[in-house]
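The values are calculated or read from the model by the stated rules, or taken from the named source; none is laboratory data. Every value quoted in this text rests on a predicted model; they were computed, and no experiment measured them. Neighbour counts are summed over all protein chains in view; Cβ atoms, including those assigned to glycine, are modelled from backbone coordinates with ideal geometry. Please note that ligands, DNA and RNA were not included when accessible areas were found on the heavy atoms of the full protein model with its side chains. Shrake-Rupley method; radii C 1.70, N 1.55, O 1.52, S 1.80 Å.
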Amino acid sequence: MKNSVSEQNFYIESEEEDEEKEFNRDGEGEADVNGTDSDESLADDNRQQSKTGSYNTSWPQSYRQSIDLYSSVPSPNLTFLGTPTLSRLSSSYLSSSLTRRHTPESLPTVVKPLLDKPEDEQLPPQRRSSRSLLPPTLLRRSSSIRKDEKLSRVSHELPMSRQSSFGQAVLNGLNVLCGVGILSTPYAAKEGGWLGLSILLIFAVLSFYTGMLLRYCLDSEPGLGTYPDIGQAAFGTAGRVVISIILYVELYACCVEYIILESDNLSSLFPNANISLGGFELDSPHFFALMTTLAVLPTVWLRDLSVLSYISAGGVIASVLVVLCLFWIGLVDNVGIHSEGTVLNLGTLPVAIGLYGYCYSGHAVFPNIYTSMAQPSRFPAVLLACFGICTLLYAGVAYMGYTMFGEKTESQFTLNLPQDLVASKVAVWTTVVNPFTKYALTMSPVAMSLEELIPSNHMKSHMYAICIRTALVISTLLVALSIPFFGLVMSLIGSLLTMLVTLILPCACFLSILRAKATRFQIAVCIIIIAVGVVSSVFGTRSSLSQIIENLNT
């Protein structure tokens with residue numbers, strides 16, 4: 001296995017060679033003036049690089065980059081128009097394999113320490129950029145760029161500088177929290193009853209508090225920037241790996257939900273669609289599940305997902321539009337209130353717990369949002385705005401949907417909407433289109449983490465990555481066809497995974513990292529939250545699995 005920095009994960013864009021030549025021509029006149037400073041900075045960078053090489057950086061190293069892309073951190077900035085970046089937005093995964101273009105998914109090859117050494121504290125107060133991960137050949141090229149403070153980062157860097165405004169951070173948080181979970185809140189109200197809605201509020205408060213705990217963990221040591229970093233600081237390499245696996249499994253399960261969602265909604269629009277393949281008859285749900293998989297597969301092959309990240313940032317608008325359509329149908333189109341509902345359903349309450357828990361599965365992204373903010377002191381206000389707005393939307397949809405459809409409420413309220421109404425068509429088609437832009441972004445972190453495991457001597461062969469991504473997409477199809485129960489699968493994810501990510505692990509990491517500085521009140525609250533998370537996870541997982549098995553046997 002080769003250890004040379006220049007021969008591993010960094011793939012240099014072909015046009016960068018021309019840029020380097022032009023840069024060298026323009027910089028010849030300044031070489032004598034800045035030569036000494038450049039040499040000194042290069043020596044400093046090389047010393048920093050040799051220092052980082054002494055650390056054993058654990059898998060995954062691509063988490064920061066992939067989650068930033070998934071959550072649009074920092075928010076899209078239209079200033080890319082007219083810049084060289086524009087020519088890269090349309091580059092595909094397949095074309096990059098021919099030209100060896102640099103892509104946002106190229107992984108840093110130089111090992112990076114979890115915690116910075118005192119020398120790093122001399123850097124500006126914002127969190128360190130990934131610039132220090134560049135090999136010497138790239139550092140020479142960008143030595144003058146480093147001196148221009150107007151350029152916050154170059155194309156090779158991860159978006160780690162603090163540049164997101166308060167509004168951008170709120171939109172990023174809403175884009176993560178306002179997902180497909182909003183479609184199942186009426187179903188959760190039916191499963192748990194009206195009193196079960198109090199669980200939604202309780203989870204909102206607890207999730208807000210644990211989001212603040214993640215912030216305290218990030219501020220406890222320099223160099224912490226992601227959820228896996230926090231896990232490593234708390235429990236070592238094993239903590240980093242376990243937390244990463246949980247986060248990736250949660251993202252993978254969300255992709256399975258996207259397939260089920262598309263299958264259910266499209267088959268409701270075209271119930272008579274079917275096809276025969278080799279003697280096998282595919283009914284409408286199976287047919288649309290297959291078509292959805294074929295449609296999203298090329299997007300997963302894309303190397304540059306910037307365009308998709310910009311489009312998926314409209315997920316907040318899509319969620320609000322679907323909510324408005326539901327209220328319009330109930331209040332303006334006079335579908336009206338047909339059921340008073342039940343006060344409490346103890347038998348199916350654990351399923352509702354998992355569904356409500358799924359609604360607040362955004363903690364994997366909160367550390368990235370915090371470290372990207374220009375004013376990190378406003379992070380509590382960002383969390384408060386995100387959880388407040390989302391809770392109002394969830395509660396409003398749960399109330400309206402359950403009162404409109406009563407005990408006939410489906411796992412997605414779009415399946416209950418009258419198909420002859422214009423608002424219903426808008427809601428359903430908005431629900432159908434949105435996952436197509438999010439599937440590749442959701443699957444990308446999982447794929448990149450697996451690509452890190454490819455031996456370095458095969459790293460430049462993009463065929464391995466294509467095979468990994470294709471296998472992941474096909475596997476989500478197989479899982480979706482095997483367990484085609486949207487609500488129950490969501491409840492299982494919320495109970496088994498989200499409870500860990502949102503409630504249990506933040507408290508455990510906080511107690512491990514800051515127990516000596518924590519107050520008795522904080523320790524007591526963390527213990528209570530862990531207990532609530534464990535109990536909810538056990539009962540919710542058990543109930544969801546039992547109902548899934550029961551439905552499979554019928």
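Overview of values
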read-out	value
Carbon plus sulfur fraction of accessible area for the stretch 329-449, probe 1.4 Å, in percent	64
Most to least packed among 544-553, 491-500 [average Cβ atoms within 10 Å]	491-500, 544-553
Charge tally in the Cβ shell below 13 Å around P285, where Lys, Arg are +1 and Asp, Glu are -1, P285 excluded	-4
Filtered trypsin sites (Lys or Arg not before Pro), the stretch 473-554: DSSP coil and at most 12 other beta carbons within 10 Å	R515, K517
Accessible solvent surface per residue of the stretch 328-410, calculated while the other protein chains remain in place, 1.4 angstrom probe, Å²	39
Sequence-distant residues sharing a close amide H with I275 (under 5 Å, placed H)	L282
For N416, net neighbour charge (Lys/Arg +1, Asp/Glu -1) across residues whose Cβ lies under 13 Å away	-1
Alpha-carbon centroids, the stretch 471-512 and the stretch 263-278: separation in whole Å	27
The stretch 196-266 - percent of accessible surface contributed by carbon and sulfur, probe 1.4 Å	73
Loop chymotrypsin sites (Phe, Trp or Tyr not before Pro), the stretch 177-277, which have at most 10 other Cβ atoms in a 10 Å radius of their Cβ (DSSP)	none
